[in-house]
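Input: a single structure, listed below in structure tokens.
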Amino acid sequence: MVKAKINGITVNVPEGTTILEAAEKVQIKIPTLCKHPDLPPTASCGICIVKLVGSNKMLRACCTPIEENMDIITHDPEIVEVRRTVIELILSKHPNECLTCGRNGNCELQKLAEEFGIRTSAFQQFLPDIPPDTSTGTIVLEPRKCISCGRCVTVCQQNQNVWALCFMDRGFGTRISPAGDGVSLSESPCVKCGQCSAHCPTGAIFENDDTAKVWKALQDKDTYCAVQIAPAVRVAIGEAFGYKPGANLTKKIYAALRRMGFNAVFDTNFGADVTIVEEASEFVQRFTETPEKLPLITSCCPSWVDFMEKFHPDMKENFSSCKSPHAIVGVLAKTFFAKKRRIDPANMFVLSVMPCTSKKYEITRSDEMYSSGYQDVDVSITTRELARMIKQAGININDISEEEPDHVLGEYSGAATIFGVTGGVMEAALRTAYDYITGGKLKNVEFENVRGIEGVKEGAIPVNGFTVKVAVAHGLSNVEYVLNKVKEAKRAGKELPYHFIEVMACPGGCIGGGGQPYGITDEIRKKRGEGLYDEDHNCKLRYSHENPFVKKLYEEFLDKPLSEQSHHLLHTTYVKRPEYQK
Amino acid sequence: MEQNTTATGDVSFLVEKWRDKKGSLIMILHEIQNHYGFVPRDISLQLSKLLDVPLARIYEVITFYNYFKLDPPGKYTISVCLGTACYLKGAPEIVDEIKNLLNIEEGQTTEDGLFHLDVVRCLGCCGLAPVMMINGQIYGKVKRSEVVDILSRYKKED
Amino acid sequence: MEKKVILIKDTGFKSDTTRDIQSLFLKAIRDIGAEESIQIVRAADLGIYNQGVVVKILPDNTVYTHINSDNIDQIVKAVHKGEVLENLLLKDRVEQTRIVLRNCGVIDPENIEEYFSKGGYTSIAKCLFDLTPAKVIKEMKKSGLRGRGGAGFPTWMKWSFAANSFGDEKYVICNADEGDPGAYMDRSVLEGDPHSVIEGMTIAGYAIGAKHGYFYIRAEYPLAIERVENALKQAYERGLLGKNILGSDFSFDLEIRLGAGAFVCGEETALIASIEGKRGTPNPRPPYPTDSGLWKKPSIINNVETLANISAIFQKGGDWFSSIGTEKSKGTKVFAVTGKVKNSGLVEIAMGTSIKDIVYNIGGGVLNEKQLVAVQTGGPSGGVIPKKHLDTPVSYEHLQELGSIMGSGGMIVMDEDDCMVDISKFYLKFCVDESCGKCAPCRIGGYQMLSILNKISEGEGELEDMDKLHRISQAMQKASLCALGQTAPNPVISTLRYFEDEYKQHIIDKKCRAGKCSKLIQYTINPDKCKRCRLCVTNCPVSAITGDREHGYTIDQEKCIRCGRCFEVCKFEAIARV
Ligand SMILES: Cc1cc2nc3c(=O)[nH]c(=O)nc-3n(C[C@H](O)[C@H](O)[C@H](O)COP(=O)(O)O)c2cc1C
Ligand code: SF4
Ligand code: SF4
Ligand code: SF4
Ligand code: SF4
Ligand code: SF4
Ligand code: SF4
Ligand code: SF4
Ligand code: SF4
Ligand code: FES
Ligand code: FES
Ligand code: FES
């Protein structure tokens, strides 16, 4: 333990605690801009400076460990003056465009300027002349608004191991960009996970706003509008309305969506149950018939799929060919549901509300995304966009009463809802697969092994005398470890380390998705995850294949899992893609 | 001028040479820059694969260090020293003169691809300040009025 | 008879002429058949500057200056006969105190034997066989040597941190990135005496328990790189590097890594990032490199000049070293004296020598008999020392008191033709160009300050700009991550401190005393002096000069772009700059 003083208050903290963290312990808030609680410090803004009594230098609180007997002053007129000058300097290279900015109202720079009461800027403004990059259609890069904090670069390179973004040039001209002059994000290895946008303090990276398309569809009297919400949305959207992370607003969202004018409100969780049935069948088939095609790897995360297609195309065969849940709801809406209700799918509009920026890309990813004969999901928006739409629609989400989803694509099992958190897909699939293989039920349906925020989780489940070995990775930087183990074993002709692998691109899985409300930390991930596990725990249905509506779907429409019909509608294919197209 | 920013070649021998040594990226880029006069994109892509270093890292490095260029240089590189001694003895005027005469800015190449203008910090001949260098040939105690003559020598040679 | 050596050096640093002269000498020697008794060596630095091609004859130490091809036969014959040529002799040299440069220009840097002859590599032998690593550090402490790379951190202390820090690998790095514009002492040492640095690094490696070391050399120094490569090869051949040095259990390997044109890579953490193959952006300290440096292993980084002192210290003892210099600054310092001084070049003086002595006694005074206004030390991190403080002794503490720093040893003499606003602009521009861009105060602050200075020098300044300069300076000093940003405002602050009036002149009177700020000057033709030769008229690039032979010529101030060409070409001083 280290004992020191901050503003005269004694603190006792473990060794290695930063001045910033130590100050928080005694209710002192040191302003920061480049430090994100989720990321290692980049030490680039210079806002968090504090004084060390007896030295005329100032220290950066975000990255300086507090030492024994340090005597720290965090606020005095000189420090505040320096901070103010630094903010003004930053603003002198930043456009004053808050009103039309993707971060208006929740921008960390804007907030800082507000707190410091910046009224005029003493300095001349110099704006870089770099056009926005809208090439991916998922996230928008607006380098003019970039304050070079480095968070996105850290996330994209270290957490995601994609290296789509980097710093180019230096000094005043330093900018974020994909590698190469004139190379757009869509020509780069970017997998559209949106983690950069979730961590950017400003409006320099934000989700491509597709809400106008949704309003337009809702206004059109001839269009039948259906909507679905992903599991991870329900436990996060509340944060935009003052709820605690993890609060489950599912039924309030259904109600809100109906008020906004949607004709049918579905739940992506239904699709998740179908995904599980298909994927578990795939697993059983490979496990019992074609073990050379193991391990089976989950494919419901489009960023992970994109990552594989770019960096590990040799693993193509191991991927589950099953589409992701929202794509399944999309195609079923325009086929099964449309047929049942005698709606012309040509006049149908399907929206998916996702925690994810990547789903915006997925909906046009390949020909299979049009297997209803139309684009299966017309538009995909993020949690953040839905929160804005609810506000625009004037809906008081706090007081609105709860409603139920629409048949037939609405009811779901607890197994489906945990899709939104890392380990959930694996857990859900194992519940069903176990039943398929053994014909019996698992004693304990909750696999603690694959839960939690550790980057790689491993587990083993005895099934009919075999041991099924599984691995769960989330945050793309963690997949290399798992894949290397598989590749090495294959090369050496050894026994597989894993039979089933789940990967989610975003740390924490979709609850930590790139389109979720800002300010993600491990603490928040945990809370959102608990929200989903609670729902599962309280569900009567714990098995996807026992969802009566899923059963009905197969009886009436798809025949059986992996049937020709389900292959046609619910499965996709993978191709090798170049990392760089330029 | 349409510039050829692609160049091909096999750089695996370079990578081989540095294979077991730590801290090799910048050394390899030096060899590539010296060979091509710039770092062609195709070579960077190749290097990225061979070294298993992300292309983004390579570009971060290339664009950070002045020595590495992404575009091919002119036939003659004019380096005017703007080190302290040269600055005090009138080098800024020399730079102005060259900019006027060739109609280019620092770091640019003339349209015909003949001259490229760089400013550098101290060529180590401070005694001869102000100093400029054209493809390795040093010109010392340069006067503004002499610049035209010096440049015309290269134009003629061409 | 002892073999004579003729060292040649073009003190204008033209290496190609030196090469030509060398072949002429070789021919002359062959002509008289004296190949056995006379040897020719190209020297890196003789400590003599601005004297054209210079030769020094060893062992006699005779120096001839301003050599051209006509003198060569004469010199060779004289050397052969043991005569002295009075007419070519160098006159009036003031002695310097040479420790760092002790061998530069005296020995053939490409020949390890010559380094041996000066007691080279006896220090490492002494350390390996007579001293424990702890004793080596103790001796360093006695010497009082402080780092010459700028900050003046006690070398022994840095070593002992690294020695006490735990690591399976440790590294010694020689910082030869010398990026300071106008400083080239490190280059001279590497070119003139590379073995002394190798020996210094090896001793450092022994002291801290490192097995590997790197030279980080700026790529712009090809000869230095070549000489170090050559020296490394020879040291390996003699068992002075590699496994079990001199038969001891100590093994040490050295390699070269090159910079690539980024001044900030001289900063320790940036240098480490650069060797690791990354952008050279500094990282926060702690952790200090002595705890977690290159590849996260304990590492020490020392400057070339620092390292060149080490073997001398062990040859003559820490006490000897600490007897030179002032109370807090021991030993000598090499300065690169340039600017408006008669003899520009490297000088090595004992700490405590006054700036005046350096400028007038060693530097020969101000060029063209002009008035000295100030001396700048410390380069872009330093400040100006006005004439009234010229008696100040050179030491870390004294320079700091005046708001400047020792820095790496640039010393620029400025006269009445130098403008303080212009000088500030020059240094600030350098830091703006070289800022890594990582942190906001430096990245944006420097750019803003520069734009304000530009405004002032263009006559667009306002008095409140001076407050803004102070405000940004404060933010940069306090909130920048590394010393580049923290010290970049220094030249501005110090000129504001001593030459505030000159800034005000630019701002209020719209005048530049020195005539450097082109927007603030005018060229006019004095009709009394004008001989109507039309030379200016033909030279004006924008045809701003009109008139005829009968009525004389005038400059149209609207058209004139103040290029100064007319001023330069007029042979009759008829054009005035006001
Ligand atoms: C921007 C910047 C540039 C520097 N450049 C150099 C340099 O070129 N050479 C050098 O030896 N030290 C340079 N330094 C100082 C080094 O960081 C370091 O303090 C020094 O190499 C330590 O060696 P010493 O203890 O022997 O002085 C620089 C520091 C900064 C902040
Ligand atoms: S990024 Fe923030 S400060 Fe900048 S315009 Fe957008 S909201 Fe305003
Ligand atoms: S905050 Fe100010 S600028 Fe923005 S809308 Fe309100 S009044 Fe206008
Ligand atoms: S979306 Fe993901 S992959 Fe693309 S730039 Fe952002 S962090 Fe990198
Ligand atoms: S884009 Fe955003 S996260 Fe990335 S460096 Fe700029 S401000 Fe920071
Ligand atoms: S983990 Fe979820 S939110 Fe993140 S990219 Fe994948 S599907 Fe989207
Ligand atoms: S002070 Fe300047 S050079 Fe140093 S880290 Fe900050 S931006 Fe880079
Ligand atoms: S200063 Fe230049 S532009 Fe002005 S009159 Fe003289 S030559 Fe012409
Ligand atoms: S060059 Fe001098 S003397 Fe000749 S016309 Fe011009 S001002 Fe007169
Ligand atoms: S928050 Fe510490 S430097 Fe930005
Ligand atoms: S919420 Fe649908 S796959 Fe993640
Ligand atoms: S300053 Fe120009 S050569 Fe040194």
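The values are calculated or read from the model by the stated rules, or taken from the named source; none is laboratory data. As the structure is a computational prediction, the values presented were derived from the model and not from experiment. Using ideal geometry, Cβ is built from the backbone for each residue, glycine included, and neighbour counts are taken over all protein chains shown. The protein model used for the area step is the full one, side chains on, heavy atoms only, and it has no ligands, DNA or RNA in it. Shrake-Rupley method; radii C 1.70, N 1.55, O 1.52, S 1.80 Å.
Interface burial in region A:171-186, defined as at least 30 Å² less accessible area with all protein chains than with the chain alone at a 1.4 Å probe, covers A:Gly171, A:Phe172, A:Ala179.
Counting charges near C:Ile75 (Lys, Arg +1; Asp, Glu -1) among other residues having Cβ under 12 Å from its Cβ returns a value of +1. Principal semi-axes of the equivalent ellipsoid, √(5λ) from the alpha carbon gyration tensor of the protein assembly as shown, are 66, 36, 29 Å from largest down. Taking amide H as placed 1.01 Å from N in the peptide plane, C:Gly259 has its amide H under 5 Å from the amide H of C:Ile217, C:Arg218, C:Ala219, each at least 5 places away in sequence or on another chain. Look at the dipole of region C:4-88 built from charges on Cβ: of C:Ile67, C:Gly33, C:Gln22, the Cα furthest out on the positive end belongs to C:Gln22.
Before anything else, pin down the relative contact order of region A:184-330: Cα pairs under 8 Å, at least 6 apart, normalised by residue count, whole percent.
Numbers: 142 pairs, mean separation 34.9, N = 147.
For region A:184-330, the relative contact order is 24 percent.
Using per-residue counts of other Cβ atoms within 10 Å, averaged over each peptide, order A:256-263, C:102-109, A:97-104 from highest down. Walk me through the intermediate numbers first.
On the way: A:256-263: 19.0, C:102-109: 25.0, A:97-104: 14.6.
Going by the mean number of other Cβ atoms within 10 Å, highest first, we get C:102-109, A:256-263, A:97-104.
Roughly what % of Cα-Cα distances in region C:290-438 sit above 21 Å, to the whole percent? The partial results should precede the final answer.
Numbers: 5666 of 11026 pairs.
Every Cα pair in region C:290-438 considered, those over 21 Å come to 51 percent.
Averaged over peptide C:213-221, the number of partner chain Cβ atoms lying within 10 Å of each residue's Cβ comes to 2. Within the full protein context, the accessible area of C:Arg19 is estimated at about 130 Å² for a probe radius of 1.4 Å.
Distance between the modelled labels on A:Asn106 and C:Asp556, one decimal in nanometres: 6.3 nm (7 Å Cα→Cβ projection). To test your reading of the geometry: what angle, between 0 and 90 degrees and rounded to tens, separates the Cα axis of helix A:302-311 from the longest principal axis of chain A? The helix A:302-311 is inclined about 80 degrees to chain A. Each label point was placed 7 Å from the Cα along the Cα-to-Cβ direction; for A:Ala489 and B:Ile150 their separation is 6.9 nm. Using the Cβ atoms and a cut-off under 15 Å, what net charge is assigned to the surroundings of A:Gln27, where Lys and Arg are +1 and Asp and Glu are -1? Net local charge, A:Gln27 excluded: +1.
Remark: mean inter-chain Cβ contacts per residue of A:80-92 equal 6, using a 10 Å Cβ-Cβ cutoff to other protein chain atoms. About its Cα centre, the dipole of the protein assembly as shown is roughly 1260 debye, where the only charges are +1 on Lys and Arg Cβ and -1 on Asp and Glu Cβ. Between the amide H of C:Gly325 and those of C:Gly331, C:Met351, distances stay under 5 Å, these residues lying 5 or more places away or on another chain, with hydrogens modeled in the peptide plane. Within the assembled protein chains, the solvent-accessible surface assigned to A:Lys111 is about 110 Å², based on a 1.4 Å probe.
Scanning residues 5 or more positions from C:Ser354 or on other chains, those with amide H under 5 Å from its amide H are C:Val394, with H placed 1.01 Å from N in the peptide plane.
Between C and B, roughly 3800 Å² of accessible area is buried in total, ligands, DNA and RNA not counted and the probe set to 1.4 Å.
With runs of 4+ DSSP H residues as the only contributors, calculate the mean residue ellipticity of the protein assembly as shown at 222 nm using -39,500 (n - 2.57) per run, divided by the residue total and rounded to the nearest 500. Don't skip to the answer; put the middle values down first.
Details: 48 runs with 463 residues, N = 1318.
It comes out at -10000 deg cm²/dmol, rounded to the nearest 500.
The HN-Hα couplings worked out from phi for region C:378-393 by the Karplus form 6.51 cos²θ - 1.76 cosθ + 1.60 (θ = phi - 60°) are x, x, x, 9, x, x, 8, 10, x, 3, 5, 9, 5, 7, 4, x Hz, whole numbers, x standing for Gly and Pro.
Rg then Dmax, both in Å and based on the Cα atoms of region A:377-441: 17.2, 52.
Sort A:15-27, B:14-26, C:402-414, B:60-72 by packing, meaning the average of other beta carbons within 10 Å per residue, with the highest value first.
Details: A:15-27: 17.8, B:14-26: 15.5, C:402-414: 25.6, B:60-72: 21.3.
Answer by packing, highest mean first, reads C:402-414, B:60-72, A:15-27, B:14-26.
Take the Cα of A:Thr364, step 7 Å toward its Cβ, do the same at A:Asp344, and the gap between the two points is 2.4 nm.
Evaluate the charge dipole of region C:370-443 about its Cα centre and quote only its size in Debye, nearest 20, assuming +1 on the Cβ of each Lys and Arg and -1 on the Cβ of each Asp and Glu. Walk me through the numbers before you get to the answer.
Numbers: 7 positive and 10 negative charges, 56 e Å.
The calculation lands at about 260 debye.
Relative to the dominant Cα principal axis of chain B, helix B:91-102 is inclined by about 80°.
Rolling a 1.4 Å probe across all protein chains gives B:Leu101 an accessible area of roughly 70 Å².
Might you report the magnitude of the Cβ-based charge dipole of region A:2-75 about its Cα centre, with Lys and Arg at +1 and Asp and Glu at -1, to the nearest 20 debye?
Numbers: 8 positive and 7 negative charges, 49 e Å.
So the magnitude is around 240 debye.
Which whole-number percent gives the relative contact order of region A:212-580, counting Cα pairs below 8 Å spaced six or more residues apart? RCO, region A:212-580: 26 percent.
Which shape class applies to chain C: rounded if a/c is under 1.5, otherwise prolate when a/b exceeds b/c and oblate if not, where a ≥ b ≥ c are the square roots of the Cα gyration tensor eigenvalues?
Details: a/c = 2.24, a/b = 1.30, b/c = 1.72.
Since a/c reaches 1.5 but b/c is at least a/b, the shape of chain C is classed as oblate.
With the gyration tensor restricted to C-alpha atoms of region A:212-580, the semi-axes of the equivalent ellipsoid amount to 31, 22, 20 Å, longest first.
Think of it this way: in chain B, B:Cys122, B:Cys125, B:Cys126 stand alone, with no other Cys Cβ under 4.7 Å. Rolling a 1.4 Å probe across the protein heavy atoms gives chain A an accessible surface of 37 Å² per residue. Positive-end ranking of A:Pro128, A:Leu249, A:Ser371 along the dipole of chain A, with charges on Cβ about the Cα centre, is headed by A:Pro128. Each residue of region C:427-578 gets 125 Å³ once the volume of the Cα convex hull is shared out per residue. Packing, as the average of other Cβ atoms within 10 Å across residues, places the peptides C:512-525, A:199-212 in the order A:199-212, C:512-525, highest first. Count Lys and Arg as plus one, Asp and Glu as minus one, and take only other residues whose Cβ is under 9 Å from that of A:Pro507; the net charge is then -1. Taken residue by residue and averaged, Cβ atoms of other chains lying within 10 Å of the Cβ of C:430-437 number 5. Per the 1.4 Å probe, what fraction of the accessible area of the protein assembly as shown, in percent, lies on carbon and sulfur atoms? In the protein assembly as shown, the share of accessible area belonging to carbon and sulfur is 49 percent.
Helix A:77-91 and the longest principal axis of the C-alpha atoms of chain A enclose an angle of approximately 50°. Choose one of C:Cys566, C:Gly461, C:Ile112: the residue whose Cα lies farthest towards the positive end of the charge dipole of the protein assembly as shown (beta-carbon charges +1 Lys, Arg; -1 Asp, Glu; about the Cα centre). Farthest towards the positive end: C:Gly461. Pairs of Cα atoms nearer than 8 Å and 6+ residues apart set the relative contact order; for region C:4-88 it is 37 percent.
Legend: P(r) of region C:420-509 from all alpha carbon pair distances, 5 Å bins from 0, whole percents, reading 3, 17, 29, 26, 15, 8, 2, 0.
The distance from the alpha carbon centre of region A:339-412 to that of region C:517-549 is 77 Å, rounded to a whole number.
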